[in-house]
1. Can you show me the helix-derived [θ] at 222 nm for the chain, built from DSSP H runs with n ≥ 4 at -39,500 (n - 2.57) apiece and divided by the number of residues, rounded to the nearest 500.
2. Starting from the 7 Å offset along Cα-to-Cβ, what nm value, one decimal, do you get for the label separation of residue 409 and residue 29?
3. Which value, in nm² and rounded to one decimal, describes the direction-averaged projected area of the C-alpha convex hull of the chain?
4. Suppose all protein chains stay in the model; what accessible area per residue would a 1.4 Å probe give for the stretch 123-230, in Å²?
5. Of 298/361; 331/402; 49/402; 364/387; 302/364; 39/402, which pairs sit farther than 19 Å apart, going by alpha carbon to alpha carbon?
6. Applying 1/(1 + (r/R0)^6) with R0 = 30 Å to the Cβ-Cβ distance of residue 272 and residue 9, what FRET efficiency is obtained, to the nearest 0.05?
7. Please give me, ordered by residue number, the GluC sites (Glu not before Pro) of the stretch 324-401 that lie in loop per DSSP and have at most 15 other Cβ atoms within 10 Å.
8. Which part of the stretch 9-38 falls in the paramagnetic zone of residue 363, meaning amide N under 15 Å from the point 7 Å along Cα-to-beta-carbon?
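The values are calculated or read from the model by the stated rules, or taken from the named source; none is laboratory data. All of these numbers come straight from a predicted model, not from anything done at the bench. Note that we place each Cβ from the backbone using ideal geometry, even for glycine, and neighbour counts take in every protein chain shown. Side chains included, ligands, DNA and RNA excluded: accessible areas come from the protein's heavy atoms. Shrake-Rupley method; radii C 1.70, N 1.55, O 1.52, S 1.80 Å.
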Amino acid sequence: MEKKTFVTKDQLDAITAQYPTPFHLYDERGIRENARALKAAFAWNVGYKEFFAVKATPTPAILNILREEGCGTDCSSLTELMLSDRCGFTGPEMMFSSNNTPPEEFELAAKLGATINLDDFTHIDFLRDTVGYIPETISCRFNPGGTFTLGESEEGFQVMDNPGEAKYGFTRAQMTDGFRKLKEMGAKHFGIHAFLASNTISNEYYPALARILFQTAVELKEETGCHIAFINLSGGIGIPYRPEQQKNDIAVIGEGVRKAYEEILVPAGMGDVAICTELGRFMLGPYGCLVTKAIHEKHTYKEYVGVDACAANLMRPAMYGAYHHITVMGKEDAPCDHMYDVTGSLCENNDKFAVDRMLPKIDKGDTLVIHDTGAHGFAMGYQYNGKLRSAELLLREDGSVKLIRRAETPEDYFATMLFD
Ligand SMILES: *Cc1c(COP(=O)(O)O)cnc(C)c1O
């Protein structure tokens with residue numbers, strides 16, 4: 001089964017004639033259409049807003065597109081807050097969801113007016129001592145503990161995670177105590193957040209998470225009398241990395257959340273609660289790819305194709321054994337009758353984009369598209385082995401291409417080194 005690339009061979013030949021590989025390429029049309037579909041799926045909720053998880057793709061041109069589509073940002077660090085600020089996001093268009101938070105990050109978040117999402121009970125006093133006050137609007141991250149499972153498929157559970165082992169969030173009892181304490185310290189409007197599972201390809205995950213959070217919100221309101229202003233369903237909606245996987249249907253997901261909202265929140269007199277999402281992968285993953293060229297072939301105990309990208313450009317296969325589909329441009333319809341390991345050049349044997357992958361015969365000079373690198377791709381890049389981060393390019397809706405981040409040069413590599 002073949003996954004389609006969002007760029008044609010002719011377009012890519014023209015691009016690689018101008019920009020040397022490797023680079024990440026993003027699809028503006030796909031990003032905008034997907035962002036609009038998400039917005040439409042939650043249009044039933046008056047206060048709905050997506051806060052894009054900046055860590056997935058911290059690139060100004062991408063953040064600007066999402067801002068034009070009505071998104072805010074979700075920041076997890078000092079520099080992500082600075083980046084959002086520089087891209088023109090203001091005040092409550094920014095969510096700050098961090099953990100083990102250094103004081104200067106709370107200081108900047110408060111100064112910019114970002115909505116602060118506390119990760120721990122002890123951060124209540126820490127925030128007050130750091131910035132001098134508790135903001136009127138504040139959010140707390142809930143960790144229900146135990147294990148979270150959803151549905152059963154032939155390969156086992158569709159979604160399974162282990163919140164009890166996760167370092168994030170307040171316990172259920174701490175949520176009640178935390179809301180009471182924050183209220184006494186001056187908070188007026190409260191948010192509830194939870195992040196349970198990553199990369200779920202199930203339309204049931206978000207509605208199931210919503211039910212847990214909505215029920216918790218009703219209880220917290222009864223216990224503490226606090227005004228629950230918003231519920232943040234966080235990230236975790238996945239994408240089909242493998243060609244045989246089914247895409248999530250965001251309209252079905254939005255409808256599932258609406259049903260839970262009307263069954264749980266509306267009867268409790270909480271029909272004014274705004275829904276927030278903090279999606280990263282779903283917003284960008286499929287709309288980026290890593291473009292690389294085959295530069296070597298090696299025949300030893302296995303058949304290897306060496307490409308000019310490496311794990312420093314895309315860490316997920318090396319780090320998690322993650323599957324990323326590969327298309328050999330111009331050979332989309334050729335039989336996949338050769339088995340290859342597709343490797344980078346790091347001195348690490350896990351630097352392989354694919355292991356034992358059936359592909360068409362690859363020749364030196366072929367252009368390979370590694371799919372679904374738009375989120376947690378470039379962003380996880382690093383400089384091990386003295387490798388440099390690649391450029392990022394944007395394929396615009398009119399078919400033209402724009403450089404949105406230049407490739408690093410050796411000067412960038414040496415910039416922080418002190419030679420005397
Ligand atoms: C990483 C992260 C996200 C985004 O997760 P995706 O799986 O990319 O949707 C959202 N919220 C928080 C707090 C995160 O840490």
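1. The helix contribution divided over the chain gives -8500 deg cm²/dmol.
2. Inter-label distance under the simple model: 3.5 nm.
3. Its average projected convex-hull area is 22.7 nm².
4. 47
5. Violating the 19 Å Cα-Cα cut-off are 331/402; 49/402; 364/387; 39/402.
6. 0.05
7. Answer in residue order: 332, 348, 397.
8. Counting backbone N atoms under 15 Å from the label point, the list is empty.
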